[in-house]
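A.B. asks: Got a structure for you, written out below as structure tokens; questions coming shortly.
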Amino acid sequence: MYWGVCPIFVLKEMKIEEIENAINPAVESHGCILWGIDLLRGKKRPTIRIFIDAIAGATINDCEKVAKDLNYELAIHNAFVDQDYILEVSTPGIDRKFFKVDQLDSYINKEFNLKLRESIKGKKTLTAKLTNITNDLVCFQSGDEEINLNFFDLDQCRLKPDFKEIMRINNGKY
């Protein structure tokens, strides 16, 4: 993860889409894609956490280059003045968080750790396998139970890493 300190905008007045539009050109200029953005309120100043990825996987060098460009680009962008914020640029990691439903397309039959906005049968967190996606409707299998949710009913959707498979791939036994 690479981070820096820069001038800021007032977080509550700016939408994620506006931030995406402001930073996407810098991310794409390095052959990366913008995976997602988290806005975190800190005690002294807020944090903008930007996740980038690439076809072959983003590297620490990609994160550093994007962060340096964003430090410059955002400092001259009208919406990013008046206060301080912390900028972090990172890869999504092996337990990646999903920000948009279309990001799930390549992860059918993978397990996820889910946090729900509303509880289902008294549970707000569960682990389930993604079985299908239709528009914004995502279908999961948890044990014998099929769970159909609108993607926006998920507070958080994270890939549950399969460490056995990761080790097999890294050891050349795939």
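The values are calculated or read from the model by the stated rules, or taken from the named source; none is laboratory data. All of these numbers come straight from a predicted model, not from anything done at the bench. Note: ideal-geometry Cβ built from the backbone for every residue, glycine included; neighbour counts use all protein chains shown.
A.B. asks: Please enumerate the residues belonging to segment 36-53 that are modelled with pLDDT under 95 and either out of contact with any helix residue (DSSP H, G or I) (no Cβ under 8 Å at 6 or more places or on another chain) or in a loop (DSSP other than H, G, I, E, B) (or both).
C.D. replies: Result: ASP38, LEU40, ARG41, GLY42, LYS43, LYS44, ARG45, PRO46, THR47, ARG49.
A.B. asks: Further, regarding this structure: Could you list, in sequence order, the residues of segment 80-123 that are outside any strand (DSSP E or B), closer than 22 Å to ASN21 by Cβ and of a type in the set (A, V, I, L, M)?
C.D. replies: Matches in segment 80-123: VAL81, VAL101.
A.B. asks: Oh, and also: List the pairs whose first member sits in segment 111-128 and is over 14 Å from GLY143 (Cα atoms), whose second member is among the hydroxyl-bearing types (Ser, Thr, Tyr) and loosely packed, with under 13 Cβ neighbours inside 10 Å, and whose Cβ atoms are under 6 Å apart, counting only residues at least 6 apart or on separate chains?
C.D. replies: LYS115/THR125
A.B. asks: Report yes if some residue within segment 124-147 is in contact with a Phe, Trp or Tyr (Cβ under 9 Å, 6 or more places away or on another chain), assigned to a strand (DSSP E or B) and basic (Lys, Arg); otherwise report no.
C.D. replies: Yes: one or more hits.
A.B. asks: Moving on. Tally time: how many residues in segment 11-35 are over 17 Å from PRO46 (Cβ atoms) and modelled with pLDDT under 90?
C.D. replies: Final tally of qualifying residues: 2.
A.B. asks: Hey, could you check segment 20-35 for residues that are on the phi < 0 side of the Ramachandran plot and assigned to a loop (DSSP other than H, G, I, E, B) and say which is surrounded by the most Cβ atoms within 10 Å (Cβ to Cβ)?
C.D. replies: CYS32
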